[in-house]
Each structure stands twice: as structure tokens, then as C-alpha cells.
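Here the structure comes first, spelled out in C-alpha cells, and everything after it is commentary.
The values are calculated or read from the model by the stated rules, or taken from the named source; none is laboratory data. Predicted, not measured: the structure shown is a model, and the values here were computed from it. A quick note on method: Cβ atoms are made from the backbone with ideal geometry, for glycine too, and the neighbour counts reach across all protein chains shown. Only protein heavy atoms, including side chains, enter the accessible area calculation; ligands, DNA and RNA are left aside. Shrake-Rupley method; radii C 1.70, N 1.55, O 1.52, S 1.80 Å.
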Amino acid sequence: MHELDVRPEGAAEAASPRGAARVDARAERGAARAGAATARLLDPLAELAARLLGGSQASIWSRPARGRSDVPRVRCSWGGPPSLSARALHDLAACTGERLTAPGTLSERSLRGGLPVDPGCCVAVPLRCHDGRVIGSVCVEGVPALGAPTADAWQLLECVARQAVAVLTLVEAGGDRPASAADDVPLPVPSVDGDPLTGLPGRRLLLRRLADAVVRAGQDGVADVAVVCVDLDDVTAVNSALGHAAGDELIDAVAARLRGTVHGEDLVAGLGGDVLAVMCRHVRGAGGVQQLASRVQAALGRDLLLGGQLVAVSASIGSALAHRQATAQQTHRADPGGAGEALLQAAYSSMHVAKQRRHRPSRSWGDWGGGNGPLLRMRVAAELRAALRADDQLSLAYQPAFGLRDGQLHGVEALLRWRHPQHGLQCTAEFIEVAEEREVIVPLGAWVLRTACAQAASWYHAAGERAPLLWVNVSSRQLGRDELAGVVDEALRSTGLPAHKLGLELTERQVVEVTGPVRAELTQLAEMGCRLALDDFGTGHNDICQLRALPLDTMKLDRSYVAGLGANETDTVIAANLVALGKALGLAVVAEGVETPAQRRMLEELGCDLVQGYLFHRPGLAAGIDRLLEASATG
């Protein structure tokens, strides 16, 4: 009787020593092919990590599974074999789950031969799965600058780490099996074809859709094509403070919101890491692009609940437009992919410029608890938005300005105050940077403008032309969006305040960044009859030609120079020259922060027009201005 061999495939051959050797050899060759295929996927990521940090070489390691050899496995290396420092840093990063930096790199040759240690530092970031497991690390060696990389560098390196996790997860799911012919076909890198976290299409599909949209726009001549790129600012901070699961939740939530801004043939795509893109094929000119960007901004404007905390989402946004007429005149049909690539690059460059403008030094938030991290600023921004919706948290204080020669009340500056539910009364300086950084300044500025105009209108209705000129501080982020002029016009119409009784203040540092659209809006405001003032004069880097090109009528001398009058020879000379410059430009000159009679006398000698400061009147409630008006009427 013939017996059937029912043992698993390959077991019969393995029963003999020679057969077992052949099975082992095939297994080793299969594992080698599988490892080579994995390395082909990881090599570009290692090279990208090295180039992002300016390192000389990089390696990607995997952590051994439990019950297996404790020797870590180098899955790929770029620029040369990894050093002993990379091995040691990988061990630490894999064990602690923390990103690490070690000064200097060591090599076996330098240890054996007593050669000098190579320059630079070694950096490692753990490879963390969505369930929190650490499965390896990315190590970059020869990073030029000693010390910890910048926040942006860490963020970029963690983006590479997430892609490496996606590749290794795919390999882990398939196991170290013998490779078939299909294993020789490289798997697509997730950031190219799709994002496994958000489910969004990737860069490759976006470029194909862009190329098709640009060609069709040129053929139809009906609508334009626009792209908006969005770079989330705080994912790294959320990862550090609340864990990577919260960071993934943030990206996923934003992606879902962006999908709600598009329809039909439009597309939302992931460009890798914290960058998303929105493509819209049916926009009409620059106005249509602005509407798309506004929809994206509105989607990001709603707060998120992460780790039990309500936080405000902040992002840098850039846009680009492919006009249908220009598209029709160009030869994109011969290279439609180049057209899509150029449009995407233009939007990405615009986003990068926006991100650079957002970065600025931040004050300490130690009194609020939680240090000075981005997560705290996200929470403060969310609380500011909640304050806008509340009825009893925001208020205005008013500081009067008096004529030096006649002593009469000429102007009033509106100053924002925030009565925080836990931290009490906060002056503007305590939160203005967060408001500007997190784009809360636009609705906040609109609230200040409407509230202050309503109060100034009551003074005007009671005192007529004797009513003081109202000064309101304006952020550069409110300008150039075709919004501020509309908000001002609405506030004046609804309150009945004449335009010539409203003045808007811009700091000299803001004027440095004035662009064509901003200059046009300033001109529009001046033509409406509003007054325009240059605040904190003497702290920026403007030239006379730039100042003369703006429709200014007032300059405010910075309080730092006023404080040094008579006490510091340099400050006294600078203040005298600044006042003279303002006069030469035909501007009324206001001195801020006047606190002593000696300062007042010197400012009068210099020809200053108006003064404000504690010597004359502290900021206070509107009732204080009422009393000043009553006194001037009877005096």
C-alpha cells in the first residue's frame, strides 16, 4: 500500500540531514532577499534623515523581538556603516523611547588606533508604533552643530521615523518569510501613495490630479486651479506632552476637517509628516484662492479636545493659483506633470514663507503652569477664543493723551484687558504674542475695534468735536486680507463714530513687513478718513523713503527713549533726533510713558505735541474719560 506523505510542505525534505541543509540554505537566501527589499525601501529614508540634519551618514535599526537574539539589527545605512556611537544611541533610544543627542561619533578605527574623535554629534529618534511599542530607531551621525537640533529639525526627523515605522510594520506583518518574485517589486513609501494614518492620498496621486486639472483648466477656460498647503505647528509638542497617539489624533482630526472644506473633484492629500494639501479645481482668480484659504483657516479655527485639554490648532498656510488663461498659453500639455509640480512647489514655498513669519521669541508662561511649551500656548489660545464667546472676561482700559501746550484732552488709547478665570486680570503684553501666533488676533482685534468705537461714539455724541480721538492698536496680521477696512467701516457705521475720530496704530516693526496689499489697505483706511499712527517709533529699521510712502499722520515715540531723557545722554540725543525726524515728515509726535516732570519739560523743549503716561493719567475705565470731558467743559 502506498502511503501519502501528509507532513507539511518541506518537512519530508528536512527529515534528512542533506535535505535540512537545503531547506536552511533556501530560507537564508529568502531572508536575505526580504532584507534587501526592506533595505531598498528604507535607504531613501536614511538618506533623507542625513540630508535634513546635514549629517554625514544615517542608519535605521530594528529592535529584536522578545525571545530572539538581543543583537539589534541594522536594517539599512547610508553614507557608510554605522559607528559604535550609533549602536549605543540606538540601544538607549529603543530602551527609553526618547529622542537623544550624543556629542561626537566614535568608530572602531578611532578606538583601536587612538585617532581623534570625529567631529559633530549623533542624533537618534525612536521608531514608535501607534500602540506605543518602540521597534527601532533612526540614527544620524556627523551632524555639524553640537548640541540638540532645533525644534524644526526634530519634527522633520520624526516625520522620517514615522515613515520608517510604516515600512517596518508592513515587513513585520509579512514576517521574515522567503521572498517570492513579488518581493522584488519595492513597496511604495506610504507618504508617496497614501497616508496610513489619515487615509488621505499621497503626493503622487495629488500630482496626477493636479496635472489633469491644469490641462483641463487650459482647455475649458472656465475656472482656475488652486492649491493650499497646510503645515501644522504643534504636532511635535503634542507628541512630547501627551504622547504620539495624541499627535496622531491631532493630524487625523485636522485631515477630517479639511475633507469637509472640499467637494466634487477637489482633493485633500498628505505630503508626509505634518503637511497636508488641498486642491480645488473650480476657483475664480485670486478671490477664489482667498475664499479657499479662508475655508481652510475656519476649519482649523475650531478647538480640539486632546488628552482632556481643549487646545487651539495653529498652522502655517500657503496657496498658489494656476490661471486658466496662462495655462492655455503655455505648453503644459507636453509636460502636464511639470505644471502640477510647479503649482504644488509654489504653494509649498508660500507656506514656508508664512511659517518663517510666524516664528518669533516667546515670553515665559511660568505663572500659568506648564512652562513655556507650545502645548501651553495652544491652551492659552483656546482660552482666548472662549473669552471672546464669554460676556465677562474681556474689557478695555483707556489711557488719555494730553496736549503739551494747552493741557487739554486730545486722544485716548484703547488697551485690551483679559480677566482670566484662574489667573486673574492680564494686560495685553501677557497674551498678545499667543494671539498673533495662533491667529486669534483677527477676531480679537475686531472685538476691540467694535467695542472701542461704541464707547468713543458715546463720547462724541455727548461732547461733539471736543471728544478725544480714539486710538486702537492693529496687528499686521489683520492687514492685507481685505478684512480690516471692512471691519472698520462696519464699526463706524454701526456706532455712528465719524472716521476722523478713529486712529489706528501700527508698530514700526510691523511696518517693516508692509507689502503691496497691506499698503493698499492702509491707503484705503486713510481715504476713509481714519488717522494712522506709527507706534513704538525708534525700535524698528525703517528708512525715510519707506515711511514717506505710507499714509501716516502721527508717530509715537517709544517709551524706552522717554525713560532715558536727561538720565542717559545717548537716549536723549536719539529722542531729540527722532522727534525732529517726525516733524520733518510732517507727523504729529506723541511721547509714551512719561512719568516725571523733568521728562515732560524736555519733551516740550524738543517740540513734542502730545504726551501720555502715569504722570498725567493711568489707564482706567471709561468713566475716567467721562470725568475729564466734564472737567474740560466747565474749565
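Please verify whether G132 is open to solvent by 30 Å² or more (accessible area, probe 1.4 Å), at pLDDT 55 or above and not in a helix (DSSP H, G or I), treating the condition exactly as stated.
Working: open to solvent by 30 Å² or more (accessible area, probe 1.4 Å): yes; at pLDDT 55 or above: yes; not in a helix (DSSP H, G or I): yes.
Yes.
Quick one: which of V488, V448, V472 is under 26 Å from the mean Cα position of the chain (by Cα), crowded, with 16+ Cβ neighbours inside 10 Å, at pLDDT 90 or above and among the β-branched types (V, I, T)?
Result: V448 is the single residue among V488, V448, V472 that is under 26 Å from the mean Cα position of the chain (by Cα), crowded, with 16+ Cβ neighbours inside 10 Å, at pLDDT 90 or above and among the β-branched types (V, I, T).
In the stretch 409-433, which residue that is assigned to a helix (DSSP H, G or I) and of a type in the set (V, I, T) is surrounded by the fewest Cβ atoms within 10 Å (Cβ to Cβ)?
By that ranking, first place goes to T428.
Can you pull out every residue in the stretch 238-273 that is open to solvent by 60 Å² or more (accessible area, probe 1.4 Å), under 24 Å from L292 (Cα atoms) and among the small types (G, A, S)?
G260, G264
For L409, only one of the following conditions fails: (1) at pLDDT 85 or above; (2) out of contact with any strand residue (DSSP E or B) (no Cβ under 9 Å at 6 or more places or on another chain); (3) among the hydrophobic types (A, V, I, L, M, F, W, C). What is its number?
Only one criterion in (1) at pLDDT 85 or above; (2) out of contact with any strand residue (DSSP E or B) (no Cβ under 9 Å at 6 or more places or on another chain); (3) among the hydrophobic types (A, V, I, L, M, F, W, C) is unmet by L409, namely (2).
With the condition kept exactly as written, say whether any residue in the stretch 363-378 is charged (D, E, K, R), buried (at least 21 other Cβ atoms within 10 Å of the Cβ) and at pLDDT below 80.
The initial filter retains those residues of the stretch 363-378 that are charged (D, E, K, R), namely 363, 367, 377.
This time we only want the ones that are buried (at least 21 other Cβ atoms within 10 Å of the Cβ), so: 377.
Adding the requirement that they be at pLDDT below 80 leaves 377.
Yes.
Look at A622 and say whether it is farther than 26 Å from L470 by Cβ and out of contact with any Pro (no Cβ under 6 Å at 6 or more places or on another chain). Quick ask: steps written out before the conclusion?
Numbers: farther than 26 Å from L470 by Cβ: no; out of contact with any Pro (no Cβ under 6 Å at 6 or more places or on another chain): yes.
So A622 fails the test.
Tally time: how many residues in the stretch 81-104 are hydrophobic (A, V, I, L, M, F, W, C) and assigned to a loop (DSSP other than H, G, I, E, B)? Write out each step before concluding.
Going through the stretch 81-104, the residues hydrophobic (A, V, I, L, M, F, W, C) turn out to be 84, 86, 88-89, 92-95, 100, 102.
Filter once more, so that each one left must be assigned to a loop (DSSP other than H, G, I, E, B): none.
Result for the stretch 81-104: 0.
I'm told E341 meets every condition in (1) within 15 Å of R208 (Cα to Cα); (2) at pLDDT 80 or above; (3) open to solvent by less than 60 Å² (accessible area, probe 1.4 Å) except one. Can you identify the failing condition by its number?
In the conditions (1) within 15 Å of R208 (Cα to Cα); (2) at pLDDT 80 or above; (3) open to solvent by less than 60 Å² (accessible area, probe 1.4 Å), E341 misses (3) alone.
Cβ contacts < 9 Å: first residue under 12 Å from T507 (Cβ atoms) and polar (S, T, N, Q), restricted to the stretch 527-542; second residue surrounded by 15 or more Cβ atoms within 10 Å (Cβ to Cβ) and at pLDDT 85 or above, any location; separation 6+ or different chain. Result?
Correct list of pairs: N542/L534.
Being among the small types (G, A, S) and farther than 18 Å from G407 by Cβ is true for just one of A623, A631. Which residue is that?
On the way: A631 fails: farther than 18 Å from G407 by Cβ.
Only one candidate qualifies: A623.
For P116, only one of the following conditions fails: (1) at pLDDT below 80; (2) in a loop (DSSP other than H, G, I, E, B); (3) under 23 Å from A245 (Cβ atoms). What is its number?
(3)
Test of understanding: among A37, A27, A65, which residue is loosely packed, with under 13 Cβ neighbours inside 10 Å, at negative phi and modelled with pLDDT under 75?
On the way: A37 fails: loosely packed, with under 13 Cβ neighbours inside 10 Å; A27 fails: loosely packed, with under 13 Cβ neighbours inside 10 Å.
It is A65.
Does the stretch 524-542 contain any residue that is open to solvent by 30 Å² or more (accessible area, probe 1.4 Å), assigned to a strand (DSSP E or B) and modelled with pLDDT of 85 or more?
Yes, the stretch 524-542 contains a residue that is open to solvent by 30 Å² or more (accessible area, probe 1.4 Å), assigned to a strand (DSSP E or B) and modelled with pLDDT of 85 or more.
Mind checking which pairs have a first residue in the stretch 586-597 that is β-branched (V, I, T) and a second that is open to solvent by 10 Å² or more (accessible area, probe 1.4 Å) and in a strand (DSSP E or B), Cβ under 6 Å, 6 or more apart or different chains?
Final answer for the pair search is V590/L610.
Among the residues of the stretch 567-598 satisfying the criterion of being charged (D, E, K, R) and at pLDDT 85 or above, which is least open to solvent (accessible area, probe 1.4 Å)?
Just the residues of the stretch 567-598 that are charged (D, E, K, R), to begin with: 569, 571, 583, 592, 595.
With at pLDDT 85 or above added as a condition, the list becomes 583, 592, 595.
Working: K583: 84, E592: 10, E595: 110 Å².
Only one residue fits best here, namely E592.
Could you please give the count of residues in the stretch 390-408 that are more than 19 Å from C427 (Cα to Cα) and open to solvent by 10 Å² or more (accessible area, probe 1.4 Å)?
5
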